[in-house]
Structures are given as structure tokens and as C-alpha cells.
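The values are calculated or read from the model by the stated rules, or taken from the named source; none is laboratory data. Just so it is clear, the model here is predicted, and its values are computed rather than measured. Counting neighbours? That spans all protein chains shown, and the Cβs are built from the backbone with ideal geometry, glycine included.
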Amino acid sequence: MAPLALNPSQERIAALLRVRLKEKRLAHALSVTEHLADFGPELGLERDRLITAALLHDLCRNFEDDIMLARAAEYGLPIEPIHEARPILLHGPVAAEEARRYLGLTDEDVYEAVYWHTTGTPGLGLLGRALMVADFSEPLRKYPEAAETRAVLAREGFGAALRYMAQAKQGFAEKKTQFHPETRAFCDWVMRGCPPVPETD
């Protein structure tokens with residue numbers, strides 16, 4: 001993978017991650033960033049935007065449940081019964097809002113990618129879909145589907161990797177007693193054939 005070169009804004013995010021995240025979660029965030037920066041430019045996505053989205057995606061992942069719910073309420077984010085049962089599902093929306101409010105994020109595509117990276121949503125832009133694939137398949141992930149997603153990405157391209165991830169993600173979600181309805185909607189949208197995306201070589 002290409003080494004990370006961070007701009008001053010990204011250095012500020014990385015410094016905040018080192019304060020907020022536990023060691024394992026920080027390693028994951030950096031691995032997602034390296035993975036996305038490696039394959040994302042082949043999709044025609046700008047490297048700086050990829051790095052920013054990936055660094056931000058787990059900014060609030062280590063918040064305690066009560067803090068997550070309180071921040072979501074403070075920011076006026078929708079809080080559904082599924083969020084009350086599993087507040088961790090709010091870490092993307094809360095991170096997107098914190099980035100906009102406190103870190104100067106103005107890029108709406110980056111905001112959308114961070115907001116929806118956990119559940120997905122039908123109509124999600126290419127940056128968001130790429131972030132989801134990177135988050136699901138970065139090399140530190142231990143489940144076999146992560147390695148297989150990387151293999152599909154290398155062998156068949158991004159579209160095939162996205163479809164494989166969606167199928168696997170839906171299978172994971174349905175094994176849980178509660179899962180976000182947007183996850184099913186997103187996976188169905190992908191499997192039905194969401195708008196075509198550029199393929200990797």
C-alpha cells in the first residue's frame with residue numbers, strides 16, 4: 001500500500017483519533033485509511049477526500065452509549081428505537097456532525113460517507129460505498145469475508161467486491177436480534193444492481 005501523506009487538516013484529525021480511540025480501534029482506522037487510499041483512486045476518487053473520510057469514520061466509535069445518545073440528541077440527529085437498543089449504530093452520524101461542527105468539514109460527499117458507513121443507505125454515493133468496502137475488508141479484520149472481499153476486489157474489481165460485501169453484511173446483520181433497516185435496504189439496492197461504478201483493473 002502507498003504510504004499515507006496527510007495534509008494539516010488530516011494531521012489534526014489523526015491527532016484527535018490518537019486521543020479518542022483505543023489502540024486496536026486506532027489501528028483499524030489507520031488500516032481503513034491505507035486500504036481506501038490504495039484502491040480508491042482507481043475509482044476516480046480524489047485521494048485527499050478518501051483519506052479524510054476514512055480518518056473520520058470512527059471518530060466517535062469509542063463513545064459510551066449514554067454519551068453517543070446524548071450527542072445525537074444534541075445534534076438533532078434521528079434517534080430510532082434501534083439506536084436506543086444499539087447506540088453504537090449512531091457513531092457514523094455523530095462523527096459526521098462533529099466533523100462538520102468542530103473540524104471544519106464542508107465536503108458533503110465526505111459527510112455522507114462518514115454518516116452512512118455503518119449501515120449504508122440506498123443511493124449512497126461512490127465515496128460512501130468505497131468507504132464501506134474498505135471498512136469491511138481492511139487487512140486487520142479477522143473474519144474470512146474480509147480477506148475474500150479483498151481477493152474479489154483484486155480479481156474482479158470494485159463492483160464485484162461491493163456486491164460480495166453487501167451479501168456478507170446482510171448475512172451478518174440478519175444473525176442479530178436487531179439490525180438497522182437501512183442495512184437491508186442498502187444491501188438489497190446493491191444486489192439489485194445499483195448504478196454502475198468504475199471497475200478496477
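For a quick check of your reading of the model, give me the residue pairs whose first member lies in region 3-24 and is closer than 12 Å to LEU59 by Cβ, whose second is outside any helix (DSSP H, G or I) and polar (S, T, N, Q), with beta-carbon atoms closer than 7 Å and at least 6 apart or on different chains.
ARG20/ASN62; LEU21/ASN62
For region 21-42, indicate whether the set of residues that are basic (Lys, Arg), crowded, with 16+ Cβ neighbours inside 10 Å, modelled with pLDDT of 95 or more and assigned to a helix (DSSP H, G or I) is non-empty.
no
Scan (1) within 18 Å of the chain's Cα centre (by Cα); (2) of a type outside the set (S, T, N, Q); (3) farther than 19 Å from PHE136 by Cβ for the single condition GLY40 breaks and write down its number.
Unmet condition: (3).
Which of the residues belonging to region 94-111 are closer than 20 Å to LEU131 by Cα and either without any contact (Cβ under 8 Å) to a residue 12 or more places away in the chain or within 15 Å of the chain's Cα centre (by Cα) (or both)?
Hits for region 94-111 are VAL94, ALA95, ALA96, GLU97, ALA99, ARG100, THR106, GLU108, ASP109, VAL110, TYR111.
I need every pair where a residue in region 79-93 that is under 9 Å from THR118 (Cα atoms) has its Cβ under 6 Å from the Cβ of a residue that is of a type in the set (D, E, K, R), sequence separation at least 6 or different chains.
Qualifying pairs under 6 Å: HIS91/ARG61.
Report those helices (runs of 4 or more DSSP H) wholly inside region 45-130 carrying at least 3 residues which are surrounded by 18 or more Cβ atoms within 10 Å (Cβ to Cβ).
Per the criteria, 47-56, 65-74, 91-102, 108-116.
Is there any pair with a first residue in region 159-185 that is of a type in the set (Phe, Trp, Tyr) and a second that is modelled with pLDDT under 80 and surrounded by 14 or more Cβ atoms within 10 Å (Cβ to Cβ) whose Cβ atoms are under 8 Å apart and which are 6 or more apart or on different chains, and what are they?
Filtered contacts from region 159-185: PHE179/ALA173.
For region 137-177, enumerate the residues that are charged (D, E, K, R) and assigned to a helix (DSSP H, G or I).
If the condition is that a residue be charged (D, E, K, R) and assigned to a helix (DSSP H, G or I), then GLU145, GLU148, ARG150, ARG155, GLU156, ARG163, LYS169, GLU174 are the ones that fit.
State which residue is nearest to GLU34 (Cα to Cα) when the search covers only region 123-181 and only residues that are among the aromatic types (Phe, Trp, Tyr) and modelled with pLDDT under 95.
Within region 123-181, the match that is nearest to GLU34 (Cα to Cα) is TYR143.
Across region 47-67, what is the total count of residues that are closer than 19 Å to ARG12 by Cβ and among the acidic types (Asp, Glu)?
Result for region 47-67: 2.
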